[in-house]
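Taking it in order: structure first as structure tokens, then the write-up.
The values are calculated or read from the model by the stated rules, or taken from the named source; none is laboratory data. Remember, predicted model here, so these are calculated numbers, not experimental data. For neighbour counting, all protein chains shown are included, and Cβ atoms are generated from backbone atoms with ideal geometry for every residue, glycine included.
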Ligand SMILES: [Mn+2]
């Protein structure tokens with residue numbers, strides 16, 4: 001599916017509880033659902049829940065990220081923001097913000113299985129992503145034998161010091177938690193209650209220490225393509241990013257307006273703002 005198909009923009013917005021929830025049911029999704037039923041597979045259609053980390057400093061990034069997912073999705077999806085103020089008012093989040101938390105969803109992201117009622121598969125993703133592919137392709141990689149699936153980035157530096165002599169800090173599994181497919185019904189993930197998420201250390205959570213290594217499935221890096229770290233090999237189409245992660249800062253910040261892949265994000269943002277068909281998508285704006 002090309003990314004500019006206007007047919008993908010018929011999104012139905014469903015107001016559910018107090019959360020802005022976006023649901024899409026495209027024609028192709030309906031067809032896929034029918035095919036599923038005729039195969040005798042799932043009586044209940046597969047609908048991916050997507051939880052996107054929300055930070056007030058990156059409001060536009062959040063909107064563009066959601067737009068980029070919804071616009072290209074050929075399967076029904078629900079998009080929910082992980083918004084700290086909402087979680088606090090619901091009594092689901094109460095920990096104080098620590099100095100190492102770079103976003104409001106540094107820890108609250110681990111509520112994803114809880115927020116999905118410990119059922120089915122759900123994705124968490126940072127708001128600083130731009131999708132360039134159909135999320136359906138990602139769901140086709142789902143393997144029920146895992147508790148979570150994510151890109152296994154390897155940050156181990158070759159030298160212990162950088163050229164300028166500054167000591168490199170090694171964070172095991174750095175960035176693994178920025179995009180995760182959670183098998184919410186997996187018994188091991190039951191541990192992720194609000195009590196645990198509000199009390200555990202960053203290391204425990206971000207390194208998936210509640211899981212054994214063989215319970216963490218691997219996804220190709222193109223689904224969490226780190227700007228400034230991952231590389232495209234022009235001769236290898238499998239290295240073309242499907243989800244661009246502006247991990248050190250994206251073009252919505254003045255200082256990063258000329259970063260790699262900035263042009264793609266700006267184009268998407270302009271399309272989002274001009275998109276008349278997608279007027280319902282604009283309801284996902286959080287005030
Ligand atoms: Mn990020």
Exercise. Counting only residues that are more than 16 Å from the ligand (Cβ to nearest atom) and assigned to a helix (DSSP H, G or I), which one in region 223-253 is farthest from the chain's Cα centre (by Cα)?
Worked result: 237
For this session: Considering every residue within region 183-200, establish whether at least one is crowded, with 21+ Cβ neighbours inside 10 Å, under 20 Å from residue 55 (Cβ atoms) and touching a helix residue (DSSP H, G or I) at 6+ places or on another chain (Cβ under 7 Å).
Result: yes
Exercise. Looking at (1) more than 14 Å from the ligand (Cβ to nearest atom); (2) touching a helix residue (DSSP H, G or I) at 6+ places or on another chain (Cβ under 7 Å); (3) closer than 18 Å to residue 184 by Cβ, can you tell me which one residue 52 breaks?
Worked result: (1)
Exercise. Residue check, residue 117 against (1) in contact with a strand residue (DSSP E or B) (Cβ under 9 Å, 6 or more places away or on another chain); (2) away from the ligand (no atom under 15 Å from the Cβ), all met but one. Which one?
Worked result: (1)
For this session: With respect to residue 103, determine if the residue is modelled with pLDDT under 95, under 30 Å from residue 270 (Cβ atoms) and within 16 Å of the ligand (Cβ to nearest atom).
Result: yes
Seminar exercise, completed: When residue 207 is run through (1) modelled with pLDDT under 95; (2) within 19 Å of the chain's Cα centre (by Cα); (3) more than 16 Å from the ligand (Cβ to nearest atom), the failure sits at (1)
Exercise. Which of (1) touching a residue at least 40 places away in the same chain (Cβ under 8 Å); (2) surrounded by fewer than 20 Cβ atoms within 10 Å (Cβ to Cβ) does residue 70 not meet, given it meets every other one?
Worked result: (2)
For this session: Count, please, the residues in region 120-146 that happen to be free of Cβ contacts under 8 Å to residues at least 60 places away in the same chain and either within 13 Å of residue 180 (Cβ to Cβ) or within 16 Å of the ligand (Cβ to nearest atom) (or both).
Result: 1
